[in-house]
Amino acid sequence: MMRFEFKYVIPNAEAREIHNQLLNHGMEPDPKSTMYPEHTYPVTSLYFDTPSLEDYQDKAGGFLRRKKIRIRIYTPSLSEETPEIWLEKKEKYEMRITKNRILLGEKDYHDILRGSRLMLFASLRRRDLKEAETIFSSLWNGRMRPHLITRYLRTPLISKKYSDIRITFDFNIEACRSKDLHYTQGMMPILPINKTVMEVKFSHILPFWFKTIIQELNLSRTSFSKYGKSVEAIYKYNPIPR
């Protein structure tokens, strides 16, 4: 998928107000969220990077073109109840976002953790996913290994009228070093508990009423990156050489 993403870090009370206004304008909970209490589900991502954290350095340096590679699940940790395991590559050029993802089997997941690229290649070919080999080539060619996990809660809204618009509210964002998706008690917050990250994702234009909401509340866009903030929180007392 290809789209734009605008991000806003806002107080929780303001997030609830905006959420209600969006419902009044015809947006509705993402159908995938309706099985969860308050239409809010967990998101857990295992991020990969090189030993020198090249993807983080690209973000910190403000490069126009940068990427992130992660394995994502929609449970707090990997367990027998985890229905899907996704391998994702998210690329950004200026303000445009491109995301590619493939569904992994549990064996694929363990092959990636072990750096077993040949076995993963064989699995992709069996599923006729030859294009994925090129898209994710940096995962095995760039010495990338699991580095850290982030975990948070997400409340997503979609619009039937504007089918390319999706707005999410992420909160209770935390992170820690990790080499896999298993549960850990060493998580640390990367955003104050009274703050929410609102992400506005769209492919074409935003409706006028949304722009009015932004103007009335005097909201300012930010370049907030969960991965970038996680690295900075984890290395706060052990700075990364640059």
Separation in nanometres of the label points that stand 7 Å from Cα toward Cβ, at Lys211 and Glu28: 2.7 nm
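Give the shape of the stretch 142-186 as rounded, prolate or oblate, defined through the alpha-carbon gyration tensor: a ≥ b ≥ c are the square roots of its eigenvalues, a/c under 1.5 means rounded, and otherwise the shape is prolate if a/b is larger than b/c and oblate if not.
Here the stretch 142-186 falls in the oblate category.
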In debye to the nearest 20, how big a dipole does the stretch 135-175 give about its Cα centre with +1 on each Lys and Arg Cβ and -1 on each Asp and Glu Cβ? 100 debye
hull vol. (C-alpha, convex hull) per residue for the stretch 145-242, Å³ -> 162 Å³
Within 10 Å, count the other beta carbons around each residue, average over each peptide in 148-160, 10-22, 47-59, and list them highest first. 148-160, 47-59, 10-22
Once Gln185 and Glu14 are pulled to full extension, the length gained, defined as 0.36 nm per residue separation minus their Cα-Cα distance, is 58.6 nm
Per the 1.4 Å probe, what fraction of the accessible area of the chain, in percent, lies on carbon and sulfur atoms? 53 percent
Rounded, prolate or oblate: which fits the stretch 1-98 when a ≥ b ≥ c are the square roots of the eigenvalues of the alpha-carbon gyration tensor, with rounded for a/c under 1.5 and prolate only if a/b beats b/c? oblate
With every protein chain kept in place and ligands, DNA and RNA left out, what is the accessible area per residue of the chain? Probe 1.4 Å, answer in Å². 53 Å²
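The values are calculated or read from the model by the stated rules, or taken from the named source; none is laboratory data. Please read all numbers here as calculations on a predicted model, not as lab measurements. Glycine also receives a Cβ, built like all others from the backbone with ideal geometry; neighbour counts cover every protein chain displayed. Side chains included, ligands, DNA and RNA excluded: accessible areas come from the protein's heavy atoms. Shrake-Rupley method; radii C 1.70, N 1.55, O 1.52, S 1.80 Å.
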